1. How large, in percent, is the carbon and sulfur part of the accessible surface of the range 158-210 at a probe radius of 1.4 Å?
2. Which far-off residues, 5 or more places away or on another chain, put their amide H under 5 Å from the one on Phe63, with H placed in the peptide plane?
3. Filter the cross-link list Lys98/Lys197; Lys121/Lys156; Lys112/Lys165; Lys104/Lys145; Lys104/Lys165 down to pairs whose alpha-carbon distance in this structure exceeds 20 Å.
4. Per residue, how much accessible area does the range 72-115 show when a 1.4 Å probe rolls over the protein heavy atoms, in square angstrom?
5. Rank Ser92, Ser173, Ser189 by accessible area, highest first, at a 1.4 Å probe radius?
6. Please list, in order along the range 112-121, the HN-Hα scalar couplings obtained from phi with the Karplus expression 6.51 cos²θ - 1.76 cosθ + 1.60 (θ = phi - 60°), rounded to whole Hz, x for Gly and Pro.
Amino acid sequence: GIGGGKFPDIYNPDYLPFIDGRMGKVSGVIQPPQDDKEVEDEEEEKKKVKPKLPGNQWVICLFPDQMDELRGFKDGHEHLGLAALTGNKEISRANGTKVKNYFKDELIKFLKTKYNNTITKLNLAWGTNFTNYEAIYDQGPNNFKEIERKGFPAFKTDLDAFEEKIAYDYAVSIKNAVRKYDKDHILLSPNMGRSPKENVMRGFIKADAF
C-alpha cells in the first residue's frame, strides 16, 4: 500500500508531491527529508536492508489504499458531490491544523465549465438562487440535505458526474505516481472486497489504472 488514510485532499497542491515522495521511498529512491522527525526516520530507514520495488520478483502486485479509508468511495459512504457542495471552506486535519477545502474549489471549477461560467444557467438547472459562483462557498449541510432536488434532475446528475471525476482523478494520480518508479507490477484496485459506488467504478474504468 502507498499509505492508507494519510493523503491530503487530492486537489490540494501538496497531494501529488506527497504521493510521489511515498512512491520514491518504497522504490528505493529516498526523497529529501522535510523536518527533524523525518530526518530521524530516514536514518532509521537507511539502516534497514530492503530490496527495491522495481523489478522485485517477490512482489506480485501493488494496491494503493483501502476502500474503507477512501472516504466517499465505498458503497454506503456519503455522496462526494454533495459533500463537496456542503463542506466547510476549511477542513480540520488530524494534527489540528486547518487547510483550504480544495474539493469545494474543484466543484466550483467543474460547475463553471459545465455552465459556461454563467450563474443563471446553473440556477435554472438546479432551482437555486445563487448570486454568483462564490456563493457556493457558503453552502453547508443545512442548505442541501438530499442528493436529489424534486423537479431539478440536473442537481443529482451534476453531482454524480463530479463524484465520477473525483474517482477518475484519484485513479490517474495513483497510476502516474506508481508508474514513474515501477513499470513492472500489476496495480490492483482499492476494492479489497468492498463494493465501490457506481459513479466511482465508472471513474475507475475510464481511468484504466487498475
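The values are calculated or read from the model by the stated rules, or taken from the named source; none is laboratory data. Just so it is clear, the structure is predicted and the values come from calculations on it, not from any experiment. Only protein heavy atoms, including side chains, enter the accessible area calculation; ligands, DNA and RNA are left aside. Shrake-Rupley method; radii C 1.70, N 1.55, O 1.52, S 1.80 Å.
1. Values: 1250 of 2410 Å².
Ligands and nucleic acids excluded, carbon and sulfur give 52 percent.
2. So Phe63 has HN proximity to Leu188.
3. Lys98/Lys197
4. Values: 2420 Å² over 44 residues.
Result: 55 Å² per residue.
5. Working: Ser92 80, Ser173 15, Ser189 40 Å².
Sorted by accessible area, descending: Ser92, Ser189, Ser173.
6. Rounded to whole hertz, the list is 4, 5, 4, 10, 6, 6, 10, 5, 5, 5.
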